[in-house]
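Let me begin by presenting the structure, written as structure tokens, before commenting on it.
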Amino acid sequence: MLLHDELRKFVTDSFMFGELYDGFSDGDSFLEQGIIDSTAVLELIAFLEERYAIKLQDRDLIPDNLDSVNGLARFVESRLQSH
Amino acid sequence: MQVESFLELASASSPKKTALVCEGFRFMYEELESKANRLAGSLIAGGVERGDRVVTYLENSMEAVVSVLAILKAGAVFVPVNPTTKADKLSYILNDCRSTGLITDRTRLGTLLNDRAGTPHLHGVWVADGIPHQKLATAKHLFDLTAELDDDNLPAVPPAKKCIDIDLAALIYTSGSTGRPKGVMLTHLNIVSAATSITNYLENRPDDIILNVLPLSFDYGLYQMLMAFKIGGTLILERSFAYPYRIIELLNHEHVTGFPIVPTISALLLQLDLAAHQFPALRYITSTAATFPTDHIRRLRLLLPNVKIFSMYGLTECKRVSYLPPDQIDIRPGSVGRGMPNEEVYIVDDTGRKASYGTVGELVVRGSNVMKGYWDLPEETDRMLKPGPLAGEKVLHTGDLFRMDQEGYLYFVGRKDDIIKTRGQKVSPREVEEVLHAMPGVLEAAVIGVPDEVLGEAIKAMVRLRADVRLTAAQVIHWCSQRLENFMVPSFVEFEGEFPKTSTGKINKRKLARAGVTPSGIPMSSE
């Protein structure tokens, strides 16, 4: 599965109960769409660390990296490349 | 004095000072004042009259800030509603308080479009971010909020004041043990009194910069905005604490001096390497809304030795009750302190008499911060507001059990009812159970709070299904998430064969709580 598809699937399965609503796009902010909160971010971090064997540092916990499917894909790609 | 004067006075004395930083924009006091005046003019032109209720249904934003002040300037009563509220409950609140106006945004307007119940009292809807093309279910006047805020045809000066300080300023809905939310009636005097006492003990100054990540629909968040303007300070407004490093950066970048949190936030903060950061400007952290674990206090004190930590306690019905002076936090970290300035607190026993030191009893609050009652609920009001020492006076019986030590410091013992405290917010088990009972296939449901390191208490739903029905935990959570505010959605679902019952046939929740093995870890993983 492509990285974007896998991340989108995790977000929709975990935070949107498997349902994409009309008009959801990979660039949409999870916070603005109300689909993520503090505890959901903890889940997201756990998923990224386990699935991609990367370790997130405190400074990684910013919206640019984590608040959209595109942001997540960009972040994961950059971390995988730097390995 | 009236609440909107906080902004008016600050704008008159420091018009060019930064009042608000939000979503990358900075607003000076004079800008907020003129936007609020224009929106007040628009509300009045749209039919809002003195004493009318106007609901704000917005994420933390400049528009949310301006709306509260504009509603007050128009002589009306603001009713802040959590932006994750779903259609049925929004309709309930709009109808319960007979709101004539609603201020929302384009995204949230969809909730009203889904409204099947109808809102006959509502005639004006102000929409931020543009008006969509779809039609509302019932005919309402729609106003483009974003355009109105800067419309030169609307007056940039405040409308003539019509209210006095014993008029209502706000109705804040809170979870009731009956399952239906209750509107707490707060006058201008109530809010000004509470804001004065709190800014007094926090020793707030005009150079304070307060970072607020709490929703403005939650009174703890709302007061950060009101108090920042009262002292002529600066408010940094964020939508959430979800991305903690962003908040760490903001604390330093904006030279934040005051940071209000709930224990859920301290739990998340303490997962970061705080020792790697210094916060030279940070003067104080406040915590309220749920028991502040002494372990959090101890660790924060070690990591931030120069930051004053205020452990506090309160309830919407009087805003704040007590605060522990920071010089006491290492001596009695388990206490929530003493009554705040200009307020009297005492503990009564079962007979209603003042209890002696060390005795557990109900906490009673006396002061001009105490609410006028619950909107349209005289019986529930009488249960909370009872005759006080002076003729005709009412004092607040909090429903919370406390004991007081010899020096007058308060210690929280428990609640008299079964309200759950999660993420610092009150949740009525009944409200969640009603949603579960309405789910096809569910025979019985019971909802309890279980201890959780991050949330304080997590919501656990126990459900008995019809024999021929199979449901997963995810389906049950999904059903709830469509009908309840996010913080009310259960984290855990367990399916029960049979519930323990009391002699009167009710579900025995104490037994359930004792028997239940508390799952911990990632919510939603329990099937």
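The values are calculated or read from the model by the stated rules, or taken from the named source; none is laboratory data. A quick note: this is a predicted structure, and the numbers were derived from the prediction, not measured. Cβ sites come from the backbone with ideal geometry, for glycine too, and all protein chains shown count toward neighbours.
The table that follows gives values for the structure above.
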| item | result |
| --- | --- |
| Residues of region B:342-398 classified as aliphatic (A, V, I, L, M), part of a strand (DSSP E or B) and over 22 Å from residue B:188 (Cβ atoms), total | 5 |
| Qualifying residue in region B:187-197 (condition: buried (at least 20 other Cβ atoms within 10 Å of the Cβ), touching a Pro at 6+ places or on another chain (Cβ under 8 Å) and within 30 Å of residue B:288 (Cα to Cα)) | yes |
| So residue B:386, is it out of contact with any helix residue (DSSP H, G or I) (no Cβ under 7 Å at 6 or more places or on another chain), closer than 19 Å to residue B:222 by Cβ, of a type outside the set (Gly, Ala, Ser) and at pLDDT 95 or above | no |
| Residue among B:65, B:48, B:3, B:79 that is aliphatic (A, V, I, L, M), farther than 21 Å from residue B:156 by Cα and buried (at least 20 other Cβ atoms within 10 Å of the Cβ) | B:79 |
| Test result for residue A:39, more than 10 Å from chain B (Cβ to nearest Cβ), polar (S, T, N, Q) and without any contact (Cβ under 8 Å) to a residue 40 or more places away in the chain | no |
| Top-ranked residue in region B:207-255 [being within 20 Å of the chain's Cα centre (by Cα) and of a type in the set (Lys, Arg); ranked as nearest to the other protein chains (Cβ to nearest Cβ)] | B:239 |
| Count of region B:272-289 residues which are within 14 Å of chain A (Cβ to nearest Cβ) and not in a loop (DSSP other than H, G, I, E, B) | 3 |
| Checking residue A:36 against (1) part of a helix (DSSP H, G or I); (2) crowded, with 18+ Cβ neighbours inside 10 Å, the condition it does not meet | (1) |
| Considering residues of region B:282-299 that are of a type outside the set (Ser, Thr, Tyr) and out of contact with any helix residue (DSSP H, G or I) (no Cβ under 8 Å at 6 or more places or on another chain) only, the residue farthest from residue B:454 (Cα to Cα) | B:283 |
| Top-ranked residue of region B:450-463 - restricted to ones that are within 21 Å of residue B:507 (Cα to Cα) and crowded, with 20+ Cβ neighbours inside 10 Å, ranked as farthest from the other protein chains (Cβ to nearest Cβ) | B:462 |
| Pick from region A:42-67, criterion assigned to a loop (DSSP other than H, G, I, E, B) and closer than 28 Å to residue B:459 by Cβ, ranking: nearest to the other protein chains (Cβ to nearest Cβ) | A:61 |
| Region A:46-58, residues that are crowded, with 16+ Cβ neighbours inside 10 Å and either modelled with pLDDT under 80 or within 20 Å of residue B:265 (Cα to Cα) (or both) | A:56 |
| Selected residue (criterion: nearest to the other protein chains (Cβ to nearest Cβ)) from residues of region A:16-36 that are at pLDDT 85 or above and over 16 Å from residue B:246 (Cα atoms) | A:28 |
| Hey, residue A:13 over 28 Å from residue B:274 (Cβ atoms), at pLDDT below 85 and part of a helix (DSSP H, G or I) or not | yes |
| Selection count where residues are assigned to a strand (DSSP E or B) and over 25 Å from residue B:164 (Cα atoms), scope region B:183-231 | 4 |
